[in-house]
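Undergrad: Handing you a structure now.
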Amino acid sequence: MKKFVSLFLALLMALSLVACGGGGGDTTDDGSTPDDGGSASTGEDLDTLKVIQGFDPGTFEPGNNDEQGYNRIVRQIYETLFFFDENGELQPWLATGYTWDDDTHMRVTLREGVKFSDGTDFTAEDVIWTFTRAIEDALPNSHYNMIDPAGCEVVDDLTCVIALKYPCSTLPNHLANSQCVIASKAAYEANDGDYLGGAVVGTGPYKLVSYTPGDMIIFEANEYYWREGEPKVPNMEMRVVLSGESSATEAKTAAYDVVLGANTREFEGIEAADGVHMEYGMTANTVYILLNTAKAPMDNVKVREAFARAINAAATVQLAYGDFGEVATAMVSPGIGGRNEETFQKYYGTGQDIETAKSLLAEAGHPDGIDLEITVEANDTQRCDMAEAMQAQVLEAGINLTVNKMESAPMREYLARGDHQICIYGFTSNTMEADGFLSQLQPGSSALARIGYDNQEFFDLYTEGCATEDTAARDQIWEQCLEMLMEDYTMIPLWHKELGAAVKDNVEGFWWAKDYEQCYFQFVSKS
Amino acid sequence: MALALLATIVFLFTLMEFVPGDPALVVLGEGATEENIAAIHKELGLDDPYLVRLGRYLGDLLQGDMGTSYKTRQPIAPAFFSRLPLSMIIAFWGVLVGTILGVLAGIISAVKQYSIFDRVLTVISLFGASAPSFWLAMMFVLIFSVKLGWLPATGSYSFKHWILPVVTIGLQCSASITRMTRSSMLEVIRQDYIRTARAKGQTEIRVIISHALRNAFIPILTQIGSNINGYLGGTVLVESVFAIPGIGNYVLDGVKTMDTPVVLSGIVFICLMCSFVTFFIDMAYAFIDPRIKATYGFGVKKKKKAAVATAKTTEGGEG
């Protein structure tokens, strides 16, 4: 009997090893899984783009959700007035140009001949109505915070004036964000705002055909689309796969043309699979350690500086992300206006310095060490790994760091109340200038409580930057704002985020938009 | 049943009150302003007292309104009912496969007690009971999808897509049914009436199936019912690995995003279905065991008529 049990267990172990070993290279002859359903097909269908992504939209209301994943879906149907191209340069899109009447009124000229997917004309009224509705319905869109709906004006079908509560010279950049897509007023009114049905009408390359909650979104080309020859693939099946591991598995089977949201730890395995490769792109997002300046003992700048000296950011990032993305070399990611590597070097360039950390703690009145707490989102394994790595690093300097792992929703409230001492969080400079995230650190925003910063000089400087039309001059102001945050040790940049997508070898034209981690499937083709 | 449901709703509603976190912050995301937070509180009625909100929720539910999701601002019912069939397919087919495998294995184990078959099947059922479902699911995907390429890795679009999820649930479910069948059968096959049946010259298969299994089936049926109830709302991990949009993940996502109406409606509906399953299992007892049937009063009229007829005949005979 014992022999039999041993044999059985040995067989079981062998089975597990076979299952775990490699796995990347073996797919069926044609590179697809042999299913006969909605996943892959044995014959390549060049007219349908098959995509996996990790967000279930639940609705197709423009601006309903501020998450990148949501807007990645909705942006295929609706479009923005401006657009950031592959190089992160601002381009006209539904708008052809703009002029400033004064520092709070921007006159926008719209593109002629643009139609919605129901064949009706796109007009200035749709633009102003979109902004007004979003503000009145309190949709989660901070890009509209500065817009004064009462002052906005429809001049004619192709001209409107957008009024602002305060000067904001980066308004076109804000309006390029995929949260600021324009919807059809007529379709909304005719369908009683049904954003799972008739109200889903945009000017975008695709129109919605069907949506199965949690599972599949089917698109087809918008026959009235204003850009000739796009979308390059007329149909698109977008599957919802929430698990990063499952997405990675599908990527390895090369059953889908594009797979977004695969677990980063699986990228190497995907690269090794036949018929598929990874497309990487740096983003405008940087992950920071946020130090709550309003919470004792972090209200002492010496304690904050001591913490900054006690950690080894490079080793922490390497542990969590390996070579994926970049260890932070400035307060904002490469390509973002206001980035300055020299000032970063000045404050954080020395790296880990335990002795300085100890002496700073002693100066702050903690010669025997200090107890601190770092809050991270429990579901974010990389951030949890980073927090635990830092826990070990700072111990040498006498900092006893407790890692507080919280679920997303309670954590948001905990941080908004300013109850934390330290947390790890990412900010996106989605206007391709530093104001994209600096705007979230202004009075009235719940994100400000994460650093508890109360510096009127900083707020005034930001306001001055907003009012500055010259880009170079504005960038200098953003540099100063960022330097203030570093000088006061309010936040320590850790990692410049990178994204990866598994793309089949016969697919071309895929690229990641830097500003808000978007991808535009209208440019993607199959051969 | 109605009282149990009401108690469940009130308990869950109260429980959600104590979950930390402000739904408005989840709805509004990173750029939430104090002004917008107040607007969302007003829109969702979050500032109303607990009893007002509970009353409103119960009133809506009585009218068949499952509510509106905080997160998507869309009615919950369409999203929920599009997921429900998928969860039911996994639960019922998984349990069916598990029952067939488990009952067969349990019978063999009991009839051939202490044999090599009994020991092997006991080890397998222990493995099935202790192996986490997500691990089993991932192993199957790695072997049959990634390595061998025989079956699709994820999805729910065809018969082939369902094989791996159903087998995963079936294997896990079969473990408990095997053990229950074995112990229950062992108890029954030692009874006198089994010996009598054998003595009457009935075939061994007939003795096992008609006499032993039928009498041993009540606890097995209870186990089957409990498995169906468990898998109706509890296949979150399997749904996750196979990317099947069932109600388990929908409710779990609602918990993560503080979407109270989604969580409440999901769990209340799962409770309702479990109540029905339990009710049908109770009914099924009557068709297996005549003693239970008698307590429900089934066939009483027929028996009474027969008794009256017998009595009349007897009276006549005496006269």
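Undergrad: Inside the stretch B:34-52, can you point out the residues that are away from every other protein chain (no Cβ under 12 Å), touching an Asp or Glu at 6+ places or on another chain (Cβ under 9 Å) and surrounded by 14 or more Cβ atoms within 10 Å (Cβ to Cβ)? Give the steps one after another, and end with the answer.
TA: Step one: filter the stretch B:34-52 for residues away from every other protein chain (no Cβ under 12 Å), giving B:45-52.
Still in the list and also touching an Asp or Glu at 6+ places or on another chain (Cβ under 9 Å): B:46, B:50.
B:Leu46 - this is the single residue of the stretch B:34-52 that is away from every other protein chain (no Cβ under 12 Å), touching an Asp or Glu at 6+ places or on another chain (Cβ under 9 Å) and surrounded by 14 or more Cβ atoms within 10 Å (Cβ to Cβ).
Undergrad: For the stretch A:292-308, which positions are part of a loop (DSSP other than H, G, I, E, B) and in contact with a strand residue (DSSP E or B) (Cβ under 8 Å, 6 or more places away or on another chain)?
TA: Matches in the stretch A:292-308: A:Asn292, A:Pro297, A:Met298.
Undergrad: Can you tell me which residue in the stretch A:244-274 is farthest from the other protein chains (Cβ to nearest Cβ), limited to those that are in contact (Cβ under 8 Å) with a residue 24 or more places away in the chain, within 20 Å of A:Arg383 (Cα to Cα) and not β-branched (Val, Ile, Thr)?
TA: A:Phe267
Undergrad: I've got another one for you. Going by the structure shown, is A:Tyr489 crowded, with 18+ Cβ neighbours inside 10 Å, touching a Lys or Arg at 6+ places or on another chain (Cβ under 7 Å) and of a type in the set (Phe, Trp, Tyr)?
TA: Here the answer is yes, as A:Tyr489 does meet what is asked.
Undergrad: Quick one: count up the residues across the stretch A:433-457 that are assigned to a helix (DSSP H, G or I), touching a helix residue (DSSP H, G or I) at 6+ places or on another chain (Cβ under 8 Å), surrounded by fewer than 19 Cβ atoms within 10 Å (Cβ to Cβ) and not aliphatic (A, V, I, L, M).
TA: Number satisfying all stated conditions: 1.
Undergrad: Now for a different question. Just give me the residues in the stretch B:237-284 being over 15 Å from the mean Cα position of the chain (by Cα), within 17 Å of B:Thr8 (Cα to Cα) and either at the interface with chain A (Cβ under 10 Å from one of its Cβ atoms) or surrounded by fewer than 19 Cβ atoms within 10 Å (Cβ to Cβ) (or both), in sequence order.
TA: B:Val255, B:Val262
Undergrad: Counting only residues that are modelled with pLDDT of 90 or more and surrounded by fewer than 19 Cβ atoms within 10 Å (Cβ to Cβ), which one in the stretch A:22-53 is nearest to the other protein chains (Cβ to nearest Cβ)?
TA: Residues of the stretch A:22-53 modelled with pLDDT of 90 or more: A:46-53.
Still in the list and also surrounded by fewer than 19 Cβ atoms within 10 Å (Cβ to Cβ): A:46-48.
Numbers: A:Leu46: 21, A:Asp47: 19, A:Thr48: 14 Å.
That would be A:Thr48.
Undergrad: Here is a further query. When you scan the stretch B:60-69, do you find a residue that is closer than 19 Å to B:Leu28 by Cα and not small (Gly, Ala, Ser), even just one?
TA: yes
Undergrad: Got a sec? Which of A:Val201, A:Val301 is farther than 24 Å from B:Gly246 by Cβ and crowded, with 23+ Cβ neighbours inside 10 Å?
TA: Going through A:Val201, A:Val301 in turn, just one is farther than 24 Å from B:Gly246 by Cβ and crowded, with 23+ Cβ neighbours inside 10 Å: A:Val201.
Undergrad: For the stretch A:319-358, which positions are exposed (fewer than 14 other Cβ atoms within 10 Å of the Cβ) and polar (S, T, N, Q)?
TA: We begin by selecting, within the stretch A:319-358, every residue exposed (fewer than 14 other Cβ atoms within 10 Å of the Cβ); these are A:322-323, A:341-342, A:345-346, A:349-351, A:355.
Passing the criteria: A:Gln345, A:Thr350.
Undergrad: If a residue has to be touching a helix residue (DSSP H, G or I) at 6+ places or on another chain (Cβ under 7 Å), farther than 18 Å from A:Val241 by Cβ and either surrounded by fewer than 20 Cβ atoms within 10 Å (Cβ to Cβ) or at the interface with chain A (Cβ under 8 Å from one of its Cβ atoms) (or both) to count, how many in the stretch B:148-170 make the cut?
TA: Within the stretch B:148-170, residues that are touching a helix residue (DSSP H, G or I) at 6+ places or on another chain (Cβ under 7 Å), farther than 18 Å from A:Val241 by Cβ and either surrounded by fewer than 20 Cβ atoms within 10 Å (Cβ to Cβ) or at the interface with chain A (Cβ under 8 Å from one of its Cβ atoms) (or both) number 1.
Undergrad: So B:Thr178 ticks every box in (1) touching a Gly at 6+ places or on another chain (Cβ under 7 Å); (2) outside any helix (DSSP H, G or I) but one. Which box is left unticked?
TA: So the condition that B:Thr178 fails would be (2).
Undergrad: A further question follows. Go through (1) surrounded by 24 or more Cβ atoms within 10 Å (Cβ to Cβ); (2) within 11 Å of chain A (Cβ to nearest Cβ); (3) without any contact (Cβ under 8 Å) to a residue 60 or more places away in the chain; (4) in a helix (DSSP H, G or I) and name the single condition B:Met139 misses.
TA: Of (1) surrounded by 24 or more Cβ atoms within 10 Å (Cβ to Cβ); (2) within 11 Å of chain A (Cβ to nearest Cβ); (3) without any contact (Cβ under 8 Å) to a residue 60 or more places away in the chain; (4) in a helix (DSSP H, G or I), only one is false for B:Met139: (1).
Undergrad: For the stretch A:66-87, name all the residues that are surrounded by fewer than 17 Cβ atoms within 10 Å (Cβ to Cβ) and farther than 23 Å from A:Lys207 by Cβ.
TA: Of everything in the stretch A:66-87, those that are surrounded by fewer than 17 Cβ atoms within 10 Å (Cβ to Cβ) and farther than 23 Å from A:Lys207 by Cβ turn out to be A:Asp85, A:Glu86, A:Asn87.
Undergrad: State all residues of the stretch A:60-79 that are part of a loop (DSSP other than H, G, I, E, B), closer than 15 Å to A:Asp515 by Cα and in contact with a strand residue (DSSP E or B) (Cβ under 7 Å, 6 or more places away or on another chain); if no residue qualifies, say none.
TA: Within the stretch A:60-79, just A:Arg75 meets the criteria.
Undergrad: Go through the stretch A:379-431 and give me each residue that's under 27 Å from A:Met282 (Cα atoms), surrounded by fewer than 23 Cβ atoms within 10 Å (Cβ to Cβ), within 11 Å of chain B (Cβ to nearest Cβ) and in contact with a Ser or Thr (Cβ under 8 Å, 6 or more places away or on another chain).
TA: If the condition is that a residue be under 27 Å from A:Met282 (Cα atoms), surrounded by fewer than 23 Cβ atoms within 10 Å (Cβ to Cβ), within 11 Å of chain B (Cβ to nearest Cβ) and in contact with a Ser or Thr (Cβ under 8 Å, 6 or more places away or on another chain), then A:Asn379, A:Ser408, A:Gly426 are the ones that fit.
Undergrad: Separate question: For A:Glu388, state whether it is in contact (Cβ under 8 Å) with a residue 12 or more places away in the chain and part of a strand (DSSP E or B).
TA: When the stated conditions are applied, A:Glu388 does not pass them.
Undergrad: Give the residues of the stretch A:510-525 that are outside any helix (DSSP H, G or I) and either among the hydrophobic types (A, V, I, L, M, F, W, C) or at pLDDT 95 or above (or both), sorted by residue number.
TA: Our first condition is that a residue be outside any helix (DSSP H, G or I); within the stretch A:510-525, this holds for A:510-520, A:524-525.
Residues satisfying the conditions are A:Phe510, A:Trp511, A:Trp512, A:Ala513, A:Cys519, A:Tyr520, A:Val524, A:Ser525.
Undergrad: Among (1) of a type in the set (S, T, N, Q); (2) in a loop (DSSP other than H, G, I, E, B); (3) more than 8 Å from every other protein chain (Cβ to nearest Cβ); (4) surrounded by 15 or more Cβ atoms within 10 Å (Cβ to Cβ), there is one condition B:Gln113 misses while meeting the rest; what is its number?
TA: Among (1) of a type in the set (S, T, N, Q); (2) in a loop (DSSP other than H, G, I, E, B); (3) more than 8 Å from every other protein chain (Cβ to nearest Cβ); (4) surrounded by 15 or more Cβ atoms within 10 Å (Cβ to Cβ), the lone unmet condition for B:Gln113 is (4).
Undergrad: Moving to a separate point now. Within the bounds of the stretch A:371-378, is there any residue that is modelled with pLDDT under 95 and either among the basic types (Lys, Arg) or part of a loop (DSSP other than H, G, I, E, B) (or both)?
TA: Among the residues of the stretch A:371-378, at least one is modelled with pLDDT under 95 and either among the basic types (Lys, Arg) or part of a loop (DSSP other than H, G, I, E, B) (or both), which makes the answer yes.
Undergrad: Restricting to the stretch B:54-89, give me the number of residues that are away from every other protein chain (no Cβ under 14 Å) and either among the hydroxyl-bearing types (Ser, Thr, Tyr) or closer than 27 Å to B:Tyr157 by Cα (or both).
TA: So the count comes out to 2.
Undergrad: Among the helices (runs of 4 or more DSSP H) contained in the stretch A:124-219, which hold 2 or more residues that are closer than 23 Å to A:Gln518 by Cα and away from chain B (no Cβ under 12 Å)?
TA: Answer list for the stretch A:124-219: A:124-136, A:171-175.
The values are calculated or read from the model by the stated rules, or taken from the named source; none is laboratory data. Worth saying up front: this structure is predicted, and the values here are computed from it rather than measured. Quick reminder, even Gly has a Cβ in these numbers, built from the backbone with ideal geometry, and neighbours come from all protein chains shown.
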